[in-house]
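Below is one structure, written out as structure tokens; the observations come after it.
The values are calculated or read from the model by the stated rules, or taken from the named source; none is laboratory data. Everything numeric in this text was worked out from a predicted model, so none of it was measured. Methodologically, a virtual Cβ is constructed for each residue, glycine included, from the backbone with ideal geometry; neighbour enumeration extends over all protein chains shown. Note: areas computed on protein heavy atoms with side chains; ligands, DNA, RNA excluded. Shrake-Rupley method; radii C 1.70, N 1.55, O 1.52, S 1.80 Å.
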Amino acid sequence: DVKVTQSSRYLVKRTGEKVFLECVQDMDHENMFWYRQDPGLGLRLIYFSYDVKMKEKGDIPEGYSVSREKKERFSLILESASTNQTSMYLCASSSGAGGSYEQYFGPGTRLTVT
Amino acid sequence: AQTVTQSQPEMSVQEAETVTLSCTYDTSESDYYLFWYKQPPSRQMILVIRQEAYKQQNATENRFSVNFQKAAKSFSLKISDSQLGDAAMYFCAYRGSGNTPLVFGKGTRLSVIA
């Protein structure tokens with residue numbers, strides 16, 4: 001079974017702090033994604049990566065950055081957390097080798113910025 | 001840009017009854033994939049069913065089936081013999097040709113009444 005894990009289920013940070021959200025997948029997937037999920041807004045894509053050291057902006061990249069130094073790990077960074085970044089963050093991965101490119105999701109990190 | 005619309009923010013169904021969740025999408029492509037994902041309360045998002053646009057036959061997975069109307073750009077999910085465990089957020093998603101990210105709808109929250 002594909003396993004996507006995220007470093008924390010719940011996280012509370014202060015405004016202005018630098019925040020790291022880590023995601024690891026164990027299926028040798030090329031593609032990795034970061035979404036935020038808010039009530040009534042669905043899932044919005046923040047950043048994605050098709051390969052190590054590659055990154056692409058999604059629909060809402062402002063205030064975020066990412067890092068992918070190893071194939072299995074994709075980190076989301078909030079350089080200076082703000083209260084409007086309080087949200088559920090979901091990581092996902094998929095094979096880049098063709099087919100339906102089905103995405104597999106992690107359990108999510110609920111981040112609260114106070 | 002492709003868009004996915006789920007017009008029903010919330011729905012409810014009696015246990016053992018059938019319910020249909022609606023999804024429409026907008027695209028100019030002819031080759032694409034459509035997905036329904038399920039997110040149970042406080043649990044991981046999982047794939048329920050997928051449909052390849054080039055296949056005319058509607059996909060079926062046990063109690064879950066889709067009604068794919070390509071010309072109408074409609075992709076509804078039918079859940080038969082609803083069970084309490086079906087209560088969840090359901091997201092419709094679209095992926096175009098090639099290795100591109102999924103585009104999600106805003107979700108439908110399904111409640112199952114015992």
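Here are a few things to note about the model shown:
- Residue match in segment B:3-22 (condition: among the aliphatic types (A, V, I, L, M), within 12 Å of the chain's Cα centre (by Cα), open to solvent by 80 Å² or more (accessible area, probe 1.4 Å) and within 14 Å of another protein chain (Cβ to nearest Cβ)): no
- Odd one out for B:SER82 among (1) out of contact with any Leu (no Cβ under 7 Å at 6 or more places or on another chain); (2) part of a loop (DSSP other than H, G, I, E, B); (3) open to solvent by 30 Å² or more (accessible area, probe 1.4 Å): (3)
- Residue count for segment A:63-114, restricted to those that are within 11 Å of another protein chain (Cβ to nearest Cβ), in a strand (DSSP E or B) and surrounded by 20 or more Cβ atoms within 10 Å (Cβ to Cβ): 6.
- For segment B:85-108, the tally of residues that are of a type in the set (A, V, I, L, M) and assigned to a loop (DSSP other than H, G, I, E, B) stands at 2.
- Scope segment A:19-60; condition assigned to a strand (DSSP E or B), in contact (Cβ under 8 Å) with a residue 24 or more places away in the chain and within 12 Å of another protein chain (Cβ to nearest Cβ); matching residues: A:ASN31, A:MET32, A:PHE33, A:TRP34, A:TYR35, A:ARG36, A:GLN37, A:ASP38, A:LEU43, A:ILE46, A:TYR47, A:SER49
- Top-ranked residue in segment B:29-77 [being surrounded by fewer than 16 Cβ atoms within 10 Å (Cβ to Cβ) and in contact (Cβ under 8 Å) with a residue 60 or more places away in the chain; ranked as farthest from the other protein chains (Cβ to nearest Cβ)]: B:GLU29
- Residue match in segment B:90-113 (condition: hydrophobic (A, V, I, L, M, F, W, C), more than 14 Å from every other protein chain (Cβ to nearest Cβ), touching a residue at least 40 places away in the same chain (Cβ under 8 Å) and open to solvent by 10 Å² or more (accessible area, probe 1.4 Å)): yes
- Residue check for A:TYR10: in contact (Cβ under 8 Å) with a residue 24 or more places away in the chain, within 15 Å of A:THR109 (Cβ to Cβ), of a type in the set (Ser, Thr, Tyr) and open to solvent by 60 Å² or more (accessible area, probe 1.4 Å): yes
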